[in-house]
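Below is one structure, written out as structure tokens; the observations come after it.
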Amino acid sequence: MLEVQHLTKVYSDGTAALKDVSFSVQDGEFLVVIGLSGAGKSTLLRCINRLIEPTEGKIIWNGVDVTKADSKSLRKIRRDFGMIFQQFNLVQRLSVQMNVLAGRLGYVPPAMSLLYRFNEEDYRMAEEALRKVGLLEMAYKRARELSGGQQQRVGIARALMQQPKVILADEPVASLDPVLAHSILGYLERLNKEEGITVICSLHYLDLVQRYASRVIGLRGGQLVYEGSREDIRRMTDAQFKEVYGEEAERIAPPSLLGGTKDA
Amino acid sequence: MLKFAWIFSILLPGLGQIVMGQVRRGLFALTGFLTSLAMAYWRFSLLAPRETTILGVLRRSLERRPSFTFLVLILLALFWILGILDTIKLAHVGPGRKARGLISFFFVLSLLLFVLGWQISEIDVPRMVKDFNKAMTPLNRVLWPWKAAVTRDTRVLSARAEILEGEGNPPGKPVPKPGNPYVYAEPTVGVSSKLDEKGQPVPGTIITLHGSGFEPNTKTDIWWEDPIGSRFQVRIGGEYLSVQTDPEGKFTVKLPIPYSIIPPGAVKGPLIHYVEAQQVFPIGPLKLSTPFLEIVSRMVETIVMGLMATVLGIVFAIPLSFLAARNIMHGSWIGMSIYYLMRFIMNVVRSIEPIIWAVIAVVWVGLGPFAGVIALTVHSIASLGKLYSEAIEGIDHGPIEAVQATGATKLQTIMFAVIPQMVSPFISFSIYRWDINVRMSTIIGMVGGGGVGFVLLQYVRLLDYQAAGIAVWFIAVTVAVLDYVSAEIRERMI
Ligand SMILES: Nc1ncnc2c1ncn2[C@@H]1O[C@H](COP(=O)(O)OP(=O)(O)OP(=O)(O)O)[C@@H](O)[C@H]1O
Ligand SMILES: [Mg+2]
């Protein structure tokens with residue numbers, strides 16, 4: 001279980017990106033974070049695994065306070081949180097396989113990675129992860145040669161290598177077209193349902209939120225302004241959605257497509 | 001008031017405009033006028049060093065450089081008149097309106113500065129044209145030096161005679177040995193060529209050299225050896241002195257005792273010079289000349305110097321560049337102070353030219369290629385460090401974040417997210433630097449840093465333009481090849 005308590009983040013330039021945000025996430029949830037651009041979604045997700053140092057507040061992961069962890073235990077904690085990004089954040093020059101293997105860096109002895117070396121076991125895992133996202137035959141291509149949707153699947157494979165308990169996804173489909181968006185979220189949903197991985201995901205589009213979320217929290221100006229269950233969201237009208245979300249909210253595709261395709 | 005502003009402009013160009021509120025225009029005219037006036041007066045007074053009054057200075061410089069002085073005075077006057085006219089015109093246009101006509105000011109001022117610049121930089125076109133032939137000989141030798149690239153072994157036929165300078169017993173006629181070449185001089189006593197107090201050359205005693213027993217109908221060179229043992233081929237008017245023997249193997253030649261510097265007290269006893277006649281016959285096959293072989297080995301030295309400096313530069317620059325990259329060092333104030341310190345040091349070191357570093361290194365480790373390598377390495381570290389650190393600063397932060405999120409350590413993050421992003425710029429900058437270093441190492445020799453520059457300068461000083469030409473050719477070809485190769489590699493890598 002993940003508990004976020006009174007989380008506050010003030011950037012060095014004085015921007016208060018998060019103000020006293022508290023919520024908790026049960027294992028196996030598909031939590032969607034919504035909010036305007038600049039509301040603090042990315043900041044929130046990055047505070048959870050301390051890619052960004054929180055200014056105040058606590059993050060309790062299975063009883064351990066992440067904010068107090070020293071670098072050694074932080075390394076262990078981070079392994080539990082796989083992360084995927086809007087811009088995919090692959091290392092363009094490395095092969096797909098090496099990008100996926102990078103997901104094991106939290107496990108292997110640091111000295112080995114100086115030579116880009118991994119265990120046999122890790123290579124096998126990488127193969128497995130690539131097969132899961134359907135990119136096995138791309139293993140030896142350079143990451144930059146892949147399309148956007150393929151790159152995001154590599155991103156998922158990399159996160160899987162961590163054997164994560166949680167996946168933090170920061171607008172994972174914002175740079176992809178609608179069909180691909182469903183494909184990527186489909187993978188996340190399957191991981192959530194079949195492997196019990198908790199997903200915390202920020203999303204932009206109401207229909208995607210309604211389709212995938214098991215629970216939603218809304219941020220506005222760094223403050224938690226909305227919390228709703230799956231049923232609450234299903235009932236939500238566009239007008240209500242916009243209230244939390246702001247005028248930018250929009251639907252991604254006609255309703256006929258919703259829940260349709262899973263793979264692209 | 002405005003109507004009479006031009007009166008101020010009569011006093012000084014620009015004053016009138018300032019009075020009328022056109023301050024910038026006025027200041028421009030004023031500073032332009034005063035600067036050129038000061039420069040003109042400086043040049044005039046250099047032309048007339050003994051004059052004390054302004055009028056005297058003007059008169060004297062008009063005498064010495066009439067066209068220059070006249071032109072400058074005319075232009076100054078023109079500028080001044082323009083200033084007055086401009087003020088009158090401004091008065092007509094009225095205040096606040098945008099006034100034109102600045103172009104003529106600029107034009108006259110540029111002309112003035114050009115004329116002054118011409119004189120200050122001692123441009124002398126007539127001399128350049130007149131003395132062009134002087135440049136032809138060395139130029140020809142430099143452009144086509146290959147005759148000096150090969151030599152043959154030689155057999156030498158020579159004989160010498162003594163000449164006494166100053167006090168002592170006049171040397172007698174040498175005794176001829178049958179079958180050997182023979183020379184004697186008349187007179188056997190005389191004085192060397194000198195410079196008088198004004199620096200004008202005063203030819204020494206003319207001696208006549210008679211030779212016999214040489215190979216008939218053959219070019220014979222005249223050499224000289226002064227009392228401190230330095231030996232040189234005699235020149236008259238810049239050309240080497242040589243005579244042709246007659247069909248009986250005899251010759252007669254007149255020459256002044258050449259100029260020689262003998263430090264006081266360097267020789268005890270009488271000053272004995274030797275004059276020597278020598279015939280040289282090539283024997284055996286053609287082979288590469290000593291200068292050629294020397295240049296080849298120095299060229300190899302040069303390229304190796306450039307390579308070593310590049311490798312060493314890279315080795316040191318990589319770790320330092322991380323310390324000089326903002327995105328690596330930010331976070332703590334210690335990091336940022338190291339960052340600023342590194343930046344500062346690199347900028348200072350980089351702004352000192354390698355040739356200056358070479359001068360320092362020569363003092364430090366002595367003449368030779370090591371000094372050159374030190375100079376180039378120091379400069380390479382600083383400039384590569386800067387380029388690398390900028391490449392590091394330019395990398396995409398996304399992959400770093402992603403790798404960190406997996407639980408990677410700092411070192412792992414650098415290996416997986418930073419270094420892969422740096423490979424291309426890194427290779428490209430390194431090759432670029434190698435290119436620069438080899439070019440630089442050809443020059444660095446000139447201050448004693450080893451390499452081909454060292455011998456090039458030596459040949460130029462000895463007036464051996466052919467050997468110098470060979471060196472120049474080698475440098476040019478190497479640089480051109482390098483240019484091509486490095487461009488090619490960079491193209492492929494990126
Ligand atoms: N490194 C930083 N330094 C200073 N301010 C920052 C920094 N990163 C983000 N901010 C500010 O913090 C606020 C929240 O930013 P954040 O990126 O978390 O928003 P977001 O909800 O993810 O927006 P988007 O939907 O556009 O990604 C914004 O006002 C932003 O300008
Ligand atoms: Mg964001």
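The values are calculated or read from the model by the stated rules, or taken from the named source; none is laboratory data. This is a predicted model, so every value here is computed, not measured. Counting neighbours? That spans all protein chains shown, and the Cβs are built from the backbone with ideal geometry, glycine included. Calculation scope for accessible area: heavy atoms of the full protein, side chains included, ligands and nucleic acids excluded. Shrake-Rupley method; radii C 1.70, N 1.55, O 1.52, S 1.80 Å.
Just wondering, is there one or more residues in the stretch A:53-70 that are within 16 Å of ligand 2 (Cβ to nearest atom) and part of a strand (DSSP E or B)? For the stretch A:53-70, residues within 16 Å of ligand 2 (Cβ to nearest atom) and part of a strand (DSSP E or B): absent. The set of residues from the stretch A:53-70 being within 14 Å of chain B (Cβ to nearest Cβ) and either more than 15 Å from ligand 1 (Cβ to nearest atom) or hydrophobic (A, V, I, L, M, F, W, C) (or both) comprises A:Trp61, A:Val66, A:Ala69, A:Asp70. Within the stretch B:290-317, being open to solvent by 70 Å² or more (accessible area, probe 1.4 Å) and among the aliphatic types (A, V, I, L, M) holds for B:Leu293, B:Val300, B:Val304, B:Leu307, B:Met308, B:Val311, B:Val315.
In the set (1) open to solvent by 90 Å² or more (accessible area, probe 1.4 Å); (2) assigned by TED's automatic domain parsing to the domain that holds B:Ile18; (3) under 34 Å from the mean Cα position of the chain (by Cα), B:Leu85 fails one condition alone, (3).
Screening the candidates A:Ser12, A:Ser73 for the property of being within 14 Å of chain B (Cβ to nearest Cβ), assigned to a loop (DSSP other than H, G, I, E, B), open to solvent by 30 Å² or more (accessible area, probe 1.4 Å) and more than 25 Å from A:Gly186 (Cβ to Cβ) yields one hit, A:Ser12. Looking at B:Ala159, B:Ala135, just one residue is more than 21 Å from B:Thr290 (Cβ to Cβ) and touching an Asp or Glu at 6+ places or on another chain (Cβ under 8 Å), and that residue is B:Ala159.
Of the residues examined, A:Thr43 is one that is under 13 Å from A:Gly222 (Cα atoms), modelled with pLDDT of 95 or more and within 8 Å of ligand 1 (Cβ to nearest atom).
One residue stands out in the stretch A:76-85 among those that are open to solvent by 20 Å² or more (accessible area, probe 1.4 Å) and closer than 30 Å to A:Ser37 by Cα: the one that is farthest from the other protein chains (Cβ to nearest Cβ), namely A:Asp80. Taking the stretch A:206-217 as the range and being crowded, with 23+ Cβ neighbours inside 10 Å and farther than 21 Å from A:Gly155 by Cβ as the test, the residues that pass are A:Val216, A:Ile217.
Close Cβ contacts (under 8 Å, 6 or more residues apart or on different chains) running from residues in the stretch B:249-272 that are of a type in the set (Phe, Trp, Tyr) to residues that are open to solvent by 50 Å² or more (accessible area, probe 1.4 Å) comprise B:Phe251/B:Gln244; B:Tyr259/B:Lys194; B:Tyr259/B:Leu195; B:Tyr259/B:Pro201.
Each row is one residue, and each column tells you yes or no for (1) hydrophobic (A, V, I, L, M, F, W, C); (2) within 34 Å of the chain's Cα centre (by Cα); (3) buried (at least 17 other Cβ atoms within 10 Å of the Cβ).
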site	(1), (2), (3)
B:Pro203	no, yes, no
B:Glu215	no, no, no
B:Glu276	no, no, yes
B:Pro285	no, no, no
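Of all residues in the stretch B:26-38, those satisfying the criterion of being farther than 15 Å from B:Val108 by Cα and touching a helix residue (DSSP H, G or I) at 6+ places or on another chain (Cβ under 8 Å) are B:Gly26, B:Leu27.
Taking the stretch B:389-431 as the range and being within 8 Å of chain A (Cβ to nearest Cβ), among the hydrophobic types (A, V, I, L, M, F, W, C) and closer than 23 Å to A:Ala169 by Cα as the test, the residues that pass are B:Ala402, B:Val403, B:Ala405, B:Ala408, B:Phe416, B:Ala417. A:Val166 satisfies every condition listed in (1) within 20 Å of A:Thr198 (Cβ to Cβ); (2) out of contact with any strand residue (DSSP E or B) (no Cβ under 6 Å at 6 or more places or on another chain) except (2). For the stretch A:33-52, how many residues meet the condition of being within 14 Å of another protein chain (Cβ to nearest Cβ) and part of a helix (DSSP H, G or I)? The qualifying residues number 6. Is it true that some residue in the stretch A:146-161 is touching a residue at least 60 places away in the same chain (Cβ under 8 Å), open to solvent by less than 40 Å² (accessible area, probe 1.4 Å) and either more than 14 Å from B:Ala402 (Cβ to Cβ) or in a strand (DSSP E or B) (or both)? Within the stretch A:146-161 (the criterion being touching a residue at least 60 places away in the same chain (Cβ under 8 Å), open to solvent by less than 40 Å² (accessible area, probe 1.4 Å) and either more than 14 Å from B:Ala402 (Cβ to Cβ) or in a strand (DSSP E or B) (or both)), the answer is yes, since at least one residue qualifies. Of the residues making up the stretch A:23-52, those that are away from ligand 2 (no atom under 16 Å from the Cβ) and open to solvent by 10 Å² or more (accessible area, probe 1.4 Å) are A:Phe23, A:Ser24, A:Gln26, A:Asp27, A:Gly28, A:Glu29, A:Arg50. Checked against the criterion of being part of a helix (DSSP H, G or I), within 8 Å of chain B (Cβ to nearest Cβ), under 21 Å from B:Lys410 (Cα atoms) and within 14 Å of the chain's Cα centre (by Cα), the stretch A:112-134 has no qualifying residue. Among the residues of the stretch B:178-201, those identified as within 23 Å of B:Val267 (Cα to Cα) and either open to solvent by less than 50 Å² (accessible area, probe 1.4 Å) or under 34 Å from the mean Cα position of the chain (by Cα) (or both) are B:Ala185, B:Thr188, B:Gly190, B:Ser192, B:Ser193, B:Lys194, B:Leu195, B:Asp196.
Restricting the search to strands (runs of 3 or more DSSP E) fully inside the stretch B:241-305 and requiring at least 3 residues that are among the β-branched types (Val, Ile, Thr) gives B:271-288. For the stretch B:318-377, the helices (runs of 4 or more DSSP H) that sit wholly inside it and include 2 or more residues that are open to solvent by 50 Å² or more (accessible area, probe 1.4 Å) and free of Cβ contacts under 8 Å to residues at least 60 places away in the same chain are B:333-351, B:354-365. Among the residues here, A:Arg78 does not qualify as away from ligand 1 (no atom under 15 Å from the Cβ), in contact (Cβ under 8 Å) with a residue 24 or more places away in the chain, over 18 Å from A:Ala159 (Cβ atoms) and not hydrophobic (A, V, I, L, M, F, W, C). Selection of the stretch A:175-205 for residues being within 14 Å of chain B (Cβ to nearest Cβ) and open to solvent by 40 Å² or more (accessible area, probe 1.4 Å) yields only A:Ser175. Taking the stretch A:86-107 on its own, how many of its residues are within 16 Å of ligand 1 (Cβ to nearest atom) and surrounded by fewer than 24 Cβ atoms within 10 Å (Cβ to Cβ)? Qualifying residue count, the stretch A:86-107: 2. Residues of the stretch B:157-177 that are open to solvent by 40 Å² or more (accessible area, probe 1.4 Å) and at pLDDT below 90: B:Gly166, B:Glu167, B:Gly168, B:Asn169, B:Pro170, B:Gly172, B:Lys173, B:Pro174, B:Val175, B:Pro176, B:Lys177.
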